[in-house]
1. Take the residues in segment 24-58 that are surrounded by fewer than 18 Cβ atoms within 10 Å (Cβ to Cβ) and among the charged types (D, E, K, R); name whichever of them is farthest from T134 (Cα to Cα).
2. Would you tally the residues in segment 63-80 being surrounded by 16 or more Cβ atoms within 10 Å (Cβ to Cβ) and touching a Lys or Arg at 6+ places or on another chain (Cβ under 6 Å)?
3. Within the set of pairs 6 or more residues apart or between chains, which connect a residue that is within 14 Å of T134 (Cα to Cα) inside segment 159-185 to a residue that is assigned to a loop (DSSP other than H, G, I, E, B) with Cβ atoms less than 9 Å apart?
4. From the list I79, I69, which one is under 15 Å from K7 (Cα atoms) and touching a residue at least 12 places away in the same chain (Cβ under 8 Å)?
5. Here is a list of conditions, (1) closer than 24 Å to I79 by Cα; (2) surrounded by 15 or more Cβ atoms within 10 Å (Cβ to Cβ); (3) in contact with an Asp or Glu (Cβ under 7 Å, 6 or more places away or on another chain), and P191 meets all of them except one; can you say which number that is?
6. Any idea how many residues of segment 152-195 are over 25 Å from N141 (Cα atoms), part of a strand (DSSP E or B) and at pLDDT 90 or above?
7. For a quick check of your reading: which strands (runs of 3 or more DSSP E) sit entirely within segment 1-115 and have at least 3 residues that are within 16 Å of the chain's Cα centre (by Cα) and charged (D, E, K, R)?
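The values are calculated or read from the model by the stated rules, or taken from the named source; none is laboratory data. Bear in mind the structure is a predicted one, so any value in this text is a computation, not a measurement. Glycine also receives a Cβ, built like all others from the backbone with ideal geometry; neighbour counts cover every protein chain displayed.
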Amino acid sequence: MENFNRKTHWENIYENKPLETVSWYQPNPETSLNFISQFNLPKTAKIIDIGGGDSFFVDHLLDLGYQDITVLDISNAAIERAKTRLGNNASKVKWIVSDASEFQPKEQYEFWHDRAAFHFLTDEKEIGNYIKTTTKVISENGIMVIGTFSEQGPKKCSGIDIRQYSESTMTELFQTNFEKIECITVDHKTPFDTIQNFVFCSFRKK
């Protein structure tokens, strides 16, 4: 897409569309929370939510008592909406406005969570940057969970192209520095009653 500005695109969406009307709306992020439970993360674990925007994942993490949460999103408007919703609890979270492919972290994380941000990176250089970042900032034996549209899922989201993944293509991308734990497929029902098929893979840093 020539002269496409990803940040402008997402700022426009978050400034103009109510949360309940976007396809990724999910008041109960059950799959993501199941991973948190599965790995029995201590409440002090350093958690980062990539592309978290104004999703409800952070609300649930706070309710569960997690104390070191970072939310990253390309859209400042999305983060401001999340802060407004959380009220006083917003001060308990670290907020970062950045494109995931350009993120320069200042600390390491024990749990990296990405639901539906990675698949928007379609350029090989951006994908390479993302992989380098995860390799650098996820601590030894740390956990990474990435959810993307599967090969049975949509080919576009919010009017822009995405990259579909399977268990094998996702595993192959990260295999140098991460050991696959498991991959599952999940059907997400959108507010307009359509179904989007996701593949979620969890990895452990070698």
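1. E30
2. 4
3. T176/K206; N177/K206; F178/K206; E179/K206
4. Step by step, each of I79, I69 is checked, and only I79 is under 15 Å from K7 (Cα atoms) and touching a residue at least 12 places away in the same chain (Cβ under 8 Å).
5. It is condition (2) that P191 fails.
6. 2
7. In segment 1-115, 109-115 are the strands (runs of 3 or more DSSP E) which contain 3 or more residues that are within 16 Å of the chain's Cα centre (by Cα) and charged (D, E, K, R).
Yes or no, residue by residue, for (1) surrounded by 22 or more Cβ atoms within 10 Å (Cβ to Cβ); (2) of a type in the set (K, R); (3) closer than 17 Å to I36 by Cβ; (4) in contact with a His (Cβ under 8 Å, 6 or more places away or on another chain):
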site	(1), (2), (3), (4)
A82	yes, no, no, no
K92	no, yes, yes, no
I96	no, no, no, no
H113	yes, no, yes, no
E126	no, no, no, no
